[in-house]
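These notes concern the structure reproduced below.
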Ligand code: GDG
């Protein structure tokens, strides 16, 4: 099987247990299944140009090639274009976007530089899988360097409606860059609809008969491929039930990077409203919110942190007692192996993003429940996960009263209903596991590029037929010989690829 070259912003150290961030978690699962090389930023900043990096073999996990950023690249590419333009716009926060001159140049520059560094490491039969919004132009940069390998892209965050995407001054450059991939994978069907709407109505793209999209003189597949979790990492732990909690206390859990897209202030307000409307739960319910900080130097992240400190202080001050603090707010990362027991001891999983590509925490919460006595998932309609997890209590996080009532519904739900909802949710989560996601993406990528080659073969044959019809004598002989040579060099790799991935 060919090697998969994974490209992502951060190359996380899998030997460290306490790591937050859905992209690293999803990639960790691909690395378990495939022979891989992992390429990206090592998290360091340097002031001097560095010698070309070498492959480093890790004791556990895949070999990696990592590259540092300069301070200016970190400022303008990472904090700037990626996290102050693309992240807020794609999450519907145009008010937070900073369209500063120079951000896009830095973003394009890092993609060019990283592509140049990766190119010498590539083998002819590698399959390249690029992750997330930091690297949209990566395939285009590789193609400019002559790389013809199959290249796929997966966007972990939502693709916005066309009207928001059009607000990005460089929307056309981004769309052109997306067309350089063989496959673009998105989290949901709604994301696919948004992308097709933009491509068809704003850059003249067309859907061709096999379902792929022709845009900017290239053909690309656009598919919804919902990311999943490694279910077995969460099920089967000791049923610690409520032992860790004081008797009779109902725990509600939230685990979210401290990000304005996660709807944390709305969650705290809804819990306050719940205590207000259902006073019988005062002294008996606690919201445990784990919120490891991220991107702290971006102003908007600082603001949401301040807001949460004020809200938790005010709710704890208003309702708390000497022996009961309503909101247990932990602003740091907890080790991964502790998460499933926190999920399992929680009667309710409360997930309230205002917009989220998927939300793996929703799936982890469900997978951790004891099937005999499961808790209830309350899930925002704006998380990608809500497209398939119909048996959760689906809420609008902006509607504080509705969320407060949903907490009450979950708290009073009978065992039979909890079990039946949990069984159905588990079936979906198991079907859409991380391993299934990785397999589906790679198989679609290899089919998609095989279809391209098949189309190339078709056009060579068409040329040969036309030559035969048009030309006579030695001219036709020379032309036919040339077509035959080109066709042969195309046919061999295509045949090899089709053997690896038959087109059904
Ligand atoms: C992006 C998209 C999409 C969280 N806190 C701790 C911790 N985590 C782990 C969780 C989970 C992951 O981080 C978070 O994943 P999410 O999916 O919830 O969110 P994002 O980080 O925003 O991820 C998202 C995802 O990519 C995958 O495609 O679903 O929409 O935004 O696995 O458990 N892990 C540890 N300690 C913590 O304190 N160890």
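Axis of helix 22-33 versus longest Cα principal axis of the chain: the two differ by about 60°, to the nearest ten degrees. Remark: the chain projects, on average over all directions, an area of 26.7 nm² (convex hull of Cα atoms).
Packing-based ranking of 425-434, 195-204 yields 425-434, 195-204, ordered from highest to lowest mean Cβ neighbour count within 10 Å. As a length-normalised measure over Cα pairs under 8 Å and 6 or more apart, the relative contact order of the range 283-369 settles at 34 percent.
For the range 4-224, a Kirkwood radius taken over Cα pairs fed into Stokes-Einstein (37 °C, viscosity 0.692 mPa s) yields D = 183 µm²/s. In the chain, the longest principal axis of the Cα atoms and the axis of helix 434-470 are about 20 degrees apart.
When both the range 148-218 and the range 371-399 are represented by their alpha-carbon centers, they are found 28 Å apart. Estimated at 0.36 nm per residue, the fully extended path between residue 232 and residue 54 surpasses their Cα-Cα distance by 60.7 nm. The residue 402 and residue 284 beta-carbon pair, evaluated with R₀ = 22 Å, returns a calculated FRET efficiency of approximately 0.50. Helix 415-431 and the longest principal axis of the Cα set of the chain meet at an angle near 20°. Multiplying the residue separation of residue 302 and residue 204 by 0.36 nm and subtracting their alpha-carbon distance yields 31.2 nm.
The residue 341 and residue 119 beta-carbon pair, evaluated with R₀ = 41 Å, returns a calculated FRET efficiency of approximately 0.35. Each stretch of four or more DSSP H residues adds -39500 (n - 2.57); spread over every residue of the chain, this sum gives -13500 deg cm²/dmol at 222 nm.
Taken over the range 309-459, the alpha-carbon convex hull comes to 172 cubic angstrom per residue. The Rg/Rh ratio for the range 18-127, using Cα coordinates for both the radius of gyration and the Kirkwood hydrodynamic radius, is 1.00. If both residues of a DSSP beta bridge must be in the chain, then about 15% of such bridges are antiparallel. The order of the peptides 397-409, 163-175 by mean Cβ neighbours within 10 Å, most packed first, is 397-409, 163-175. Each peptide in 362-372, 112-122 gets a packing score, the mean of other Cβ atoms within 10 Å over its residues, and the list from highest to lowest is 362-372, 112-122.
Using r as the Cβ-Cβ distance of residue 390 and residue 435, and R0 as 22 Å, what FRET efficiency do you calculate, to the nearest 0.05? Given R0 = 22 Å and the Cβ-Cβ separation, E is 0.45. Spatial offset of the range 270-286 relative to the range 319-348 amounts to 16 Å, using the alpha carbon center of each.
No lab work stands behind these numbers, since they all come straight from the coordinates. Keep in mind that this is a model prediction, so the values were computed, not measured. When we count neighbours, we look across all protein chains shown, and the Cβ atoms used for this are built from the backbone with ideal geometry, even at glycine.
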